[in-house]
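S.K.: First the structure, then my questions, so here it is.
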Amino acid sequence: MAIGVGVVLVLVCVALGWLAVRRVRLMRGGGVDLCLRRRFAVTDWHFGVGRYRGDQFAWYRLTSFRVGPTVAIDRNDVEIVDRRPPLPNESFAIPYASAVLRCRDHEDRDVELAMSADVLTGFLAWLEAAPPGYRQAS
């Protein structure tokens, strides 16, 4: 019984260590903190780290063991369809957000990103940084 509990504790510590190291590596590589949701219920917000990779914005969920990004947004296929402040009932789920952007891709799939003012400035600059004429017509 004690050996089983010890093994479980070691596995939990290894898993938490992996998640911590992964977050540090993502942040050191130019990552930014933001929340994302694809289903639009108040409780569906997920914390993560976003990284700019050329024409893609890759988002990594913090509680995922996946090696690659959970969501990748291509700046040539996305448009911002709404921008709003967080709703009062969302404050527990996205505590540091000052803006929520609803983005839509060319296949009409929506995703919401909640971010601080600094991250918002960087995201909007990245989105507009495509070369002239490079963006696809909507």
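The values are calculated or read from the model by the stated rules, or taken from the named source; none is laboratory data. Model, not experiment: these values are computed from the prediction. Glycine also receives a Cβ, built like all others from the backbone with ideal geometry; neighbour counts cover every protein chain displayed.
S.K.: Select from region 26-38 the residues that are in a loop (DSSP other than H, G, I, E, B) and modelled with pLDDT under 85 and write down the one among them that is nearest to Asp110 (Cα to Cα). If you could, list the steps in order and put the result at the bottom.
M.R.: First, the residues of region 26-38 that are in a loop (DSSP other than H, G, I, E, B): 29-31, 38.
Checking the rest, the ones that are also modelled with pLDDT under 85 come to 29-31.
Details: Gly29: 27, Gly30: 25, Gly31: 22 Å.
Filtering region 26-38 for residues that are in a loop (DSSP other than H, G, I, E, B) and modelled with pLDDT under 85, the one nearest to Asp110 (Cα to Cα) comes out as Gly31.
S.K.: Quick check on region 55-69: of everything there that is more than 13 Å from the chain's Cα centre (by Cα) and among the hydrophobic types (A, V, I, L, M, F, W, C), which residue is modelled with the highest pLDDT? Write out each step before concluding.
M.R.: Step one: filter region 55-69 for residues more than 13 Å from the chain's Cα centre (by Cα), giving 55, 65-67.
Pick out the ones that are also among the hydrophobic types (A, V, I, L, M, F, W, C) and you get 65, 67.
Working: Phe65: 74, Val67: 79.
Once the filter is applied, the top-ranked residue is Val67.
S.K.: Then there's this: So in region 86-138, with the set limited to residues that are modelled with pLDDT under 85 and hydroxyl-bearing (Ser, Thr, Tyr), which one is nearest to Trp45 (Cα to Cα)?
M.R.: By that ranking, first place goes to Ser91.
For every residue, the table says whether it meets (1) closer than 30 Å to Leu11 by Cα; (2) in a strand (DSSP E or B); (3) in contact with a Cys (Cβ under 6 Å, 6 or more places away or on another chain).
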{"residue": "Phe40", "(1), (2), (3)": "no, no, no"}
{"residue": "Val49", "(1), (2), (3)": "yes, yes, no"}
{"residue": "Tyr52", "(1), (2), (3)": "no, yes, no"}
{"residue": "Val81", "(1), (2), (3)": "no, yes, no"}
{"residue": "Leu101", "(1), (2), (3)": "no, yes, no"}
{"residue": "Arg104", "(1), (2), (3)": "no, yes, no"}
{"residue": "Ala114", "(1), (2), (3)": "no, yes, yes"}
{"residue": "Val119", "(1), (2), (3)": "no, no, no"}
{"residue": "Trp126", "(1), (2), (3)": "no, no, no"}
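S.K.: Considering only residues of region 55-69 that are in a loop (DSSP other than H, G, I, E, B) and either of a type in the set (A, V, I, L, M, F, W, C) or on the phi > 0 side of the Ramachandran plot (or both), which is surrounded by the most Cβ atoms within 10 Å (Cβ to Cβ)? Show your work before the answer.
M.R.: Step one: list which residues in region 55-69 are in a loop (DSSP other than H, G, I, E, B), which gives 55, 62-69.
Narrowing further to those that are either of a type in the set (A, V, I, L, M, F, W, C) or on the phi > 0 side of the Ramachandran plot (or both): 62, 65, 67.
Working: Leu62: 16, Phe65: 9, Val67: 7.
The residue in question is Leu62.
Listed here are the residues, each with its yes/no results for (1) without any contact (Cβ under 8 Å) to a residue 24 or more places away in the chain; (2) charged (D, E, K, R); (3) touching a helix residue (DSSP H, G or I) at 6+ places or on another chain (Cβ under 6 Å); (4) closer than 13 Å to Leu101 by Cβ.
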| site | (1), (2), (3), (4) |
| --- | --- |
| Arg39 | yes, yes, no, no |
| Val49 | no, no, yes, no |
| Asp55 | no, yes, no, no |
| Ala58 | yes, no, no, no |
| Phe65 | no, no, no, no |
| Pro69 | yes, no, no, no |
| Ile73 | no, no, no, yes |
